[in-house]
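Here's the structure we're looking at; comments come further down.
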Amino acid sequence: MNEKVSPFTPGNPAPVELFVGRVEQIREILRYVGQTNSGRQENVFLAGERGIGKSSLAAFLQHLVSKEDFLAVHVFLGGVTTLDELVRRIFEQILKEADMQRTLSDKLSRFFNKYVKQVDLFGVSVSFNPPANDLKDLIRNFPEALNNIIEEIKPEKKGIFIALDDINGISNTPEFADWYKSFVDNVSIHYPRFPALIMPIGLPEIRDTLSKHQPSLMRVFRVVEIDKLSDKEVEEFFKKSFERVGIEVEPEAMKIMVMSSSGLPILMHEMGEAVFWLDEDKIISEEDAFKGILNAADSIGRKYLEPKVYRAIRSERYRSILRKLASEKIIIGFRKKEIEARLNEKERKVFDNFLRKMREQGVIVADIERGRGFYKFVNLLYAVYIWMESQRTVKLNNKYYH
């Protein structure tokens, strides 16, 4: 049986072979990696909005830096709120990465011998679980412990690269900012040669949070920001992805997919996934792309707009306004005055609050190009989902009352 395998990975970092774009940011970060090669410790803060592709970029950088003879690790910190778990995960990921390379595995396993366990679940893996007191020592002596690792992996590796992915949770604790600043200060004073690049990754506003906790911390970071991909880069991604599974994309279909993805990797994968499973003849047509928009919008809406908007906005007046935004046709943007004219008196009283909530939830933004009083949806799929939900409500009401 020849089963279809999708090249798209909604909600997960893109495979290295399908990574596109970010050329300037990659060059910049690799420059800093080059600085660590000379023995200087570097700190890069990778910032970007949700769904912009931060994790995919980190995974790609890990791949590139590994080729430069660095021990490169990608540490996922989603849900981590304590220094104990942060440091435990860092060392565990270092050990797991080293475990893939026999000579390094032997060295580091001896180094952390009493803390390392081989866990045999679905294959052998490394687990790092030191006693609480020993873990506290590792937190306090993090520079020394990391330096010992760097010394152990010489001459096989020039240094170490650590991506700390999703520090949004841990950054809310003042202890993290103080600990990180102490780490950097300690290295600068006691370690003239410390070939390590640490790259925390988070939302842009996390920098403000860290700055409030430790005002001098932000001075240590080289900030690299990533934004939406260009239409050309999005097209390249779809072309590479579909070619990988032997599927042709017609030009008009490609235009539709590029437009609906809004340059956001998270939407690109949702759109590609939806269209992939619709295809039956190895050719993506304009009709396939339009159907894909509906399926992708439904998936995106249920994952992101349902919890953020429909469950958060429980007022029937707000929901009624939402339906009126999409009652006539799928719209990407709207003018406040035109929508206001279609609202009843009770809806008009809460319309400003409604717009504020929608902006706060990241659903709409001011459309500066069209002028004052104009708004647009952050992406087409949000608009499509809102339209779809309005149609479902109309059908449900008709069924109920008839």
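In what order do Met218, Met254, Met199 fall by count of nearby beta-carbon atoms within 10 Å, going from fewest to most?
Values: Met218 15, Met254 18, Met199 27.
Ascending Cβ contact count within 10 Å gives the list Met218, Met254, Met199.
Count neighbours as other Cβ atoms within 10 Å of each site's Cβ, and list the GluC sites (Glu not before Pro) in region 1-49 that are DSSP loop with at most 10 such neighbours. Show your work: numbers first, answer last.
Values: sites: Glu3, Glu17, Glu24, Glu28, Glu42, Glu49; in loops: Glu3, Glu49.
In loop regions of region 1-49 (DSSP not H, G, I, E or B), the sparsely surrounded GluC sites (Glu not before Pro) are Glu3.
Counting pairs of alpha carbon atoms under 8 Å apart in space and at least six apart in sequence, what relative contact order in percent does the chain give? If you can, show how the numbers build up before the last one.
Numbers: 576 pairs, mean separation 75.5, N = 402.
Averaging sequence separation for qualifying contacts and normalising by length gives 19 percent for the chain.
Can you compute the helix-only [θ] at 222 nm over the chain? Use -39500 (n - 2.57) per DSSP H run of at least 4 residues, normalise by all residues, nearest 500 deg cm²/dmol.
Numbers: 16 runs with 211 residues, N = 402.
Helices in the chain give a 222 nm mean residue ellipticity of -16500 deg cm²/dmol.
Lys/Arg Cβ at +1, Asp/Glu Cβ at -1, dipole of the chain taken about the Cα centre: which of Pro7, Ile160, Ala297 is farthest positive-ward?
Checking the options against the dipole of the chain, the answer is Ala297.
With the contact rule set at Cα under 8 Å and sequence spacing of 6 or more, what percent relative contact order holds for region 231-307? If you can, show how the numbers build up before the last one.
Details: 77 pairs, mean separation 24.9, N = 77.
Once divided by the residue count of region 231-307, the mean separation gives 32 percent.
Enumerate the calculated ³J(HN,Hα) couplings along region 190-204 in order (Karplus 6.51 cos²θ - 1.76 cosθ + 1.60, θ = phi - 60°), each rounded to whole Hz, writing x wherever the residue is Gly or Pro.
Values per residue, Gly and Pro as x: 9, 10, x, 10, 8, x, 9, 10, 9, 10, x, 10, x, 5, x Hz.
Cβ under 13 Å from Ser6's Cβ, Ser6 left aside: what net charge do those residues give with Lys, Arg +1 and Asp, Glu -1?
Working: positive: Lys4, Arg244; negative: Glu3, Glu270, Glu273, Asp279.
Around Ser6, the charge tally is -2.
Please arrange Arg31, Arg323 by counting, for each residue, the other beta carbons lying within 10 Å of its beta carbon, fewest first.
Working: Arg31 11, Arg323 16.
Least to most surrounded, the residues fall as Arg31, Arg323.
Give me the dipole magnitude in Debye, nearest 20, for the chain about the Cα centre, with unit charges on the beta carbon: positive for Lys and Arg, negative for Asp and Glu.
Numbers: 61 positive and 59 negative charges, 315 e Å.
That gives a dipole near 1520 debye.
What does the charge count around Glu233 come to, taking other residues whose C-beta lies under 13 Å from its C-beta (Lys +1, Arg +1, Asp -1, Glu -1)? If you can, show how the numbers build up before the last one.
On the way: positive: Arg22, Lys228, Lys232, Lys239, Lys240; negative: Glu24, Asp227, Asp231, Glu235, Glu236.
It works out to a net charge of 0.
Rank these for me by crowding, His213, His269, going from fewest to most other beta carbons within 10 Å. Before the final figure, lay out the partial values.
Values: His213 18, His269 27.
Arranged by neighbour count, lowest to highest, His213, His269 become His213, His269.
Mind putting together the pair-distance distribution for the chain? All Cα pairs, 20 Å bins, whole percent per bin, short to long.
Spelled out bin by bin, the chain gives 23, 47, 26, 3 percent.
Scan region 196-286 for GluC sites (Glu not before Pro) in coil per DSSP, keeping those whose Cβ has at most 12 other Cβ atoms within 10 Å, and list them by number.
On the way: sites: Glu205, Glu225, Glu233, Glu235, Glu236, Glu243, Glu248, Glu252, Glu270, Glu273, Glu280, Glu286; in loops: Glu280.
Passing sites in region 196-286 are Glu280.
If you plug each phi of region 243-257 into the Karplus form 6.51 cos²θ - 1.76 cosθ + 1.60 with θ = phi - 60°, what whole-Hz ³J(HN,Hα) values come out, in order, with x for Gly and Pro?
Here the 3J(HN,Hα) series is 4, 4, 10, x, 10, 9, 10, 5, x, 5, 5, 4, 4, 5, 5 Hz.
Taking the Cβ of Phe194 as the centre, find all other residues whose Cβ is under 15 Å away and add up their charges (Lys, Arg: +1; Asp, Glu: -1). Present the calculation step by step, with values, prior to reporting the outcome.
Numbers: positive: Arg40, Lys154, Lys157, Lys158, Arg193; negative: Glu42, Glu144, Glu151, Glu152, Asp185.
Cβ neighbours under 15 Å give a net charge of 0.
In terms of modelled amide H atoms, which long-range or inter-chain residues lie less than 5 Å from the amide H of Gln41?
Phe194, Ala196
Readers should treat all values here as calculations from the given coordinates under stated rules, not as data from a laboratory. These numbers come from a predicted model, not from an experiment. As a convention, Cβ positions derive from the backbone with ideal geometry for all residues, glycine included, and neighbour counts pool all protein chains shown.
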